[in-house]
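Some notes on the structure that comes next.
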Amino acid sequence: MINLGSIFVKSPFKPLREHMKKVHESVAPLAPFMDALHEGNDDRLKQLRLEIQEAEEAADQIKNDIRNHLPHSLFLPIDRRDLLAVLDMQDSIADTAQDISDLLELRKMKLPNEMRPDLMNYVGVIEKACSLGYSISVDFEALVESGFGKHHTEKIVTMIDEVGQVESEADDLENQLIRKLFQMETEMNAVDVVFWYQLFGQIGDIADYTEKMANRLRLLVAK
Amino acid sequence: MEILADYGNTFIILAVVLGIFMTWGIGANDVANAMGTSVGAKAISFKQAILIAAVFEFAGAFLAGGHVTKTIRKGIIDPTPILNSPDILVFGMLAALLAAAIWLAVASYMGWPVSTTHSIVGAIVGFAVAGIGVDAVNWSKVLTIVVSWGVSPVLGGTLAFLLMKSIQRFILDAETPFKNAVKFSPFYLFLVGFLISLVTLFKGLKHLNLELTGPQSFLAAIIFGVLVAIMGKMIVAKIKLPENASVADEVSSIERVFAVMMVFTACSMAFAHGSNDVANGIGPMAAVVDIVRNGGQVAQESTLPMWILLVGGGGIVFGLATYGWKVMKTIGTKITELTPTRGFSAELAAAATVVLASRTGIPVSTTHVAVGCVLGVGMARGLGALNLRVVGGIFTSWIITLPVGAALSIFFFFIFKTIFT
């Protein structure tokens, strides 16, 4: 006897959204983390680093779970490869957030006061991009639920466009920061300059990955 | 001839017991698949599902179960070569019942995706080839049946796809989705009532002395469809969209409308299932009773006694009451991804396909049609994820069930023959 229940399997779209939630949770503490580092608040620093780490690990677990339950024999409303690509992009965001917090903490990296407001502004915009990515993820799940309804599609496309704008805003801020860094390079420790240059890039990567994830979804939605 | 006279009552008792066992199995296993989408979509409560299944399975078996029964009991085999030894047919039909029953029990235990319909058809063809001869099988009819096993899920899937697309187009994508859901619901409900009653009533129900001409049945179906639409409209009118509704509120209100509509498709699905699947149990049973009662004459034109349909319907309800509710509960909790809009599309498509097949006397697998319809909804991008391995399992079971059913029935045929002659 065939059991009709066996044709229904757990949808991977809810875990995909949950994964993005954890990814966002690994990015959101970056700004307070930098504050704590600046203030030399070691307890807070430890706690925030743990938060980032835990979020990244939780995301990894969800990622593995999705991959384990995504055999080729599944029939999905989108291409399986696209889904895995979106998952990979999301995962890169959390990995980058962890790398940033690791380097900041290991080298106790403090930025000169003149550049701090710019940095915090930059990190804020990055967080905004990531949070927008999470909103897109929530709506994408709703889109699948609704059977790719027209209204949901339009709403998501608008949000994806917005991510693109936020990403280019982040690019501008990054360039300003790098310009300032190079202006001050003679006054700073040379090794610090190199690492900050690298860090600015890595922070920007978060917005880049978010944009890539959003654009991959754009392809799926437009199909 | 003497065998029939000596053991006539034994044969009838055996046939009835095996027939009841088969219909019990259908009620215990297959009803859950027919109604699973309704319970899974939470359109009806579990108790309501049992009640609807009991009433409409019985009604389907009793009112519209005769056509497929006729095919099973005398459409597959051409009895001309054995007119002088009707006992062969009795042994064969008993063997077919026993073979199908055992194969289904084994398959259920192992969890294999086997169809009741395929088992019984395979078993009948098997004994006919071995016991009578290759010519005794009405091959063109068998071919029609086998082709229908492939066509019916595809047809159901296509219907489900179109229904889902129409719901997306007219309701979900509209500027005012909830308003449109309320506006269009009577039309969809009319479709439910119209399709099911048209196919059932077309040219009347002979065993109830209800003779209808083509136009008459058309008119009756329209009236029935309108009645269902009015009934549904009255219930749907009670669903209100909250003030300042969010998108989520709107979606859940639309699903509530479709949950109401699914009560009607659940009824028609149970009806369709009863009309198609009861024959698997009572077809061979009716053939045996027929031959023994007629003193050994293999009559082609005898009518189906009403009590046999009653036994069949009763057997299904009995199976549902004793074990089927358990299976239904399991399936209902497994299908969590299905919302009423999807369930409605899948179920209406399945019910229409199965009733159509039943009316033309073709035994199809209700479960396979249901799987086809769920896939159809999936193709309309209506579902999150579906397991295609089930489809592979169905193909394998097609290839395995027929020879196994045939072999088992040949085996039992010769055993019966040895015991009684």
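Table for the structure above
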item: Translational D in µm²/s for segment A:77-158 (Stokes-Einstein at 25 °C, 0.890 mPa s, Kirkwood Rh from C-alpha pairs); result: 159
item: Neighbourhood charge, 11 Å Cβ-Cβ cut-off, centred on B:GLY384 and excluding it, Lys, Arg +1 and Asp, Glu -1; result: +1
item: Cα→Cβ-extended label distance, 7 Å offset, between A:ARG80 and A:ARG107, nm; result: 4.2
item: DSSP-loop GluC sites (Glu not before Pro) across segment A:137-223, with at most 12 other Cβ within 10 angstrom; result: A:GLU187
item: Under 11 Å, Cβ to Cβ, from A:LYS10 - net charge with Lys/Arg +1 and Asp/Glu -1; result: 0
item: Binned Cα-Cα distance frequencies in the protein assembly as shown - 10 Å width, integer %; result: 3, 15, 21, 18, 14, 10, 8, 6, 4, 2, 0, 0
item: Straight-distance crosslink candidates among aspartates and glutamates, where the alpha carbon sits under 20 Å from A:LYS46 and sequence neighbours closer than 8 are dropped; result: A:GLU25, A:ASP35, A:GLU54, A:GLU56, A:GLU57, A:ASP95, A:ASP99, A:ASP102, A:GLU105
item: Given charges at beta-carbon only (K, R positive; D, E negative), |dipole| of segment B:2-420 in Debye; result: 800
item: Over 22 Å between alpha carbons, listed pairs A:LYS63/A:LYS150; B:LYS47/B:LYS326; A:LYS155/A:LYS212; A:LYS21/A:LYS108; result: A:LYS63/A:LYS150; A:LYS21/A:LYS108
item: Segment B:1-64: C-alpha pair distances exceeding 14 Å, %; result: 68
item: Residue of B:THR158, B:THR336, B:THR23 that the Gaussian network model of chain B assigns the largest fluctuation, springs spanning Cα pairs under 10 Å; result: B:THR336
item: Cα-centre dipole for segment A:11-222 with unit charges at Cβ (Lys and Arg positive, Asp and Glu negative), debye to 20; result: 500
item: Most fluctuating residue given options A:LYS14, A:LYS180, A:LYS22, as computed from a GNM of chain A linking Cα atoms under 10 Å; result: A:LYS180
item: Ascending count of other beta-carbon atoms within 10 Å, so fewest first, for B:CYS267, B:CYS373, A:CYS130; result: B:CYS267, A:CYS130, B:CYS373
item: Cα convex hull volume per residue for segment A:121-178 (Å³); result: 53
item: Nitroxide proxy distance, nm - points 7 Å out along Cα→Cβ at B:VAL147 and B:ALA407; result: 2.9
item: Volume in Å³ per residue [convex hull over Cα atoms, computed for chain B]; result: 124
item: Cβ-based charge dipole, the protein assembly as shown, positive-most Cα from B:MET93, A:MET213, B:VAL404; result: B:MET93
item: Descending semi-axes in Å of segment A:32-84, equivalent ellipsoid built from Cα gyration tensor; result: 39, 11, 5
item: Inter-label distance, nm, simple model (7 Å from Cα along the C-beta direction), A:GLN198/B:ALA105; result: 7.3
item: Choice from B:GLY274, B:GLY384, B:GLY60 with maximal GNM fluctuation in chain B (Cα, 10 Å cutoff); result: B:GLY384
item: For chain B, calculated [θ]222 nm from helices alone, where every DSSP H run of n ≥ 4 adds -39500 (n - 2.57); result: -25500 deg cm²/dmol
item: Cα pair distances exceeding 25 angstrom across segment A:1-126, given as percent; result: 39
item: Under-5 Å amide H pairs with A:PHE75, H placed in peptide plane, nonlocal only; result: B:LEU386, B:ASN387, B:LEU388
item: Dipole axis of segment B:2-420 (+1 Lys, Arg; -1 Asp, Glu on Cβ), positive-most option in B:ALA64, B:MET285, B:ILE82; result: B:ALA64
item: Using θ = phi - 60° and Karplus 6.51 cos²θ - 1.76 cosθ + 1.60, couplings along segment A:209-214 (whole Hz; Gly, Pro as x); result: 5, 4, 5, 4, 4, 5
item: Rounded, prolate or oblate (a/c below 1.5 giving rounded, otherwise prolate when a/b exceeds b/c) for segment A:11-222 by Cα gyration tensor; result: prolate
item: Normalised alpha carbon radius of gyration of segment B:307-404 [divisor 2.2 N^0.38 Å]; result: 1.24
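Values in this text are rule-based calculations from the coordinates and carry no lab data. Computed from a predicted model, the values in this text were never measured in an experiment. Note that we place each Cβ from the backbone using ideal geometry, even for glycine, and neighbour counts take in every protein chain shown.
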